[in-house]
Amino acid sequence: MIKDILRGEKIEVLVSQSSKNGMVYCGDDYFFLHTEEYFVCVLADGLGSGKNAYDSSHAVIEEVKRNHDLDVDALMAVCNQVLVDKRGAAVSILKIFYDKNEFVYSSVGNIRFFLYNPSDDKLVYPLPVTGYLSGRKQKYRTQRYKYEPNAKFILHSDGLELKGAKSFLKRLVPIDKNAQCILKSSPLTADDTTFILGSLLSP
C-alpha cells in the first residue's frame, strides 16, 4: 500500500510498504527528508520479522533523523553503532546533492537500488556489501553517481520481487500510477515489503 508521497519542485518521491502476512509490526522502516540543498533517504530491513525486526530498523531510522546532515559514511557508522545488542538490519542510505547533480549511496545487506538516466538509457545498479549491520566492525562501499533531470530511481527491500526495473523507470507516467504498476506486476511474498520510488525533476 502507498504510505507517503512527496511532491516538490526538485524531486518526487513515493513510498509503498506492507508487513509480512498483515502483521502489526513491519520489520522494514524508512525515512526521507528534502531540504533546499539535499535529499536524504534511508531504508532499513530488520532481520527476521515482527517486533524485534522493527526495533532494529526503527533504531536506524531514528539515528538518521537525528544526524541527517552527516555524510553517508558517517551515517552508516552511527547506524551500525545503534544496533549493538539488537537483532541487526540491512541498511541502505541515499543522499542526493542538487547543486552537484550527484547521488551518494551506501548499502549493507539485501536492499537493492536502481538509478536510470534517460539520456544514455542506462541503468545503474550499485552492488551492496553483503551481510548486515549489527554493531560489529563493518566496511562500507560508498559510491557516487551523476544524475540528469528526469532521472529516476527505486530503492527496495527483498520482499519486492522486481523484474525489469529499467522498464518501470523508463515509463512516462505519474509516480503513483507507476507504483501501482510495480505492485501489480510483482508476485506477493510472505515478507515485509517496502519500495521507495523517486523522480528528479527538470529545473
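The values are calculated or read from the model by the stated rules, or taken from the named source; none is laboratory data. Predicted model only: the values in this text are computed from it and were never measured. Backbone-built Cβ (ideal geometry, glycine too); neighbour counts: all protein chains shown. The protein model used for the area step is the full one, side chains on, heavy atoms only, and it has no ligands, DNA or RNA in it. Shrake-Rupley method; radii C 1.70, N 1.55, O 1.52, S 1.80 Å.
Hey, does the stretch 114-128 have a residue that's within 15 Å of Leu43 (Cβ to Cβ), modelled with pLDDT of 95 or more and not basic (Lys, Arg)? Step through it out loud before you land on a result.
Narrowing the stretch 114-128 to residues within 15 Å of Leu43 (Cβ to Cβ): 114-115, 126, 128.
Subsequent filtering for residues that are modelled with pLDDT of 95 or more retains 114-115.
Cutting the leftovers down to not basic (Lys, Arg) gives us 114-115.
Yes, some residue in the stretch 114-128 is within 15 Å of Leu43 (Cβ to Cβ), modelled with pLDDT of 95 or more and not basic (Lys, Arg).
Results for (1) buried (at least 22 other Cβ atoms within 10 Å of the Cβ); (2) part of a loop (DSSP other than H, G, I, E, B), shown as yes or no for each residue.
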| position | (1), (2) |
| --- | --- |
| Lys3 | no, no |
| Glu9 | no, yes |
| Cys26 | yes, yes |
| Asp29 | yes, no |
| Leu33 | no, no |
| Glu36 | no, yes |
| Val40 | yes, no |
| Ala44 | yes, no |
| Gly48 | no, yes |
From the residues in the stretch 82-103 that are open to solvent by 10 Å² or more (accessible area, probe 1.4 Å) and in contact with an Asp or Glu (Cβ under 8 Å, 6 or more places away or on another chain), which one is farthest from Gly50 (Cα to Cα)? Asp99
Applying the selection to the stretch 127-158, what residues are touching a residue at least 40 places away in the same chain (Cβ under 8 Å), β-branched (Val, Ile, Thr) and open to solvent by less than 30 Å² (accessible area, probe 1.4 Å)? Ile154
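In the stretch 183-203, which residue that is out of contact with any Gly (no Cβ under 6 Å at 6 or more places or on another chain), at pLDDT below 90 and under 16 Å from Ser18 (Cα atoms) is least open to solvent (accessible area, probe 1.4 Å)?
Going through the stretch 183-203, the residues out of contact with any Gly (no Cβ under 6 Å at 6 or more places or on another chain) turn out to be 183-188, 190, 194-203.
Those left that are additionally at pLDDT below 90: 183-188, 190, 201-203.
Now restrict to residues that are under 16 Å from Ser18 (Cα atoms): 183-188, 190.
Working: Leu183: 61, Lys184: 173, Ser185: 65, Ser186: 13, Pro187: 67, Leu188: 176, Ala190: 68 Å².
Only one residue tops the list, namely Ser186.
Ser106: in a strand (DSSP E or B), open to solvent by less than 60 Å² (accessible area, probe 1.4 Å), of a type in the set (Gly, Ala, Ser) and modelled with pLDDT of 95 or more, yes or no? Break it down into steps so the answer makes sense when it comes.
Working: in a strand (DSSP E or B): yes; open to solvent by less than 60 Å² (accessible area, probe 1.4 Å): yes; of a type in the set (Gly, Ala, Ser): yes; modelled with pLDDT of 95 or more: yes.
Answer is yes for this residue.
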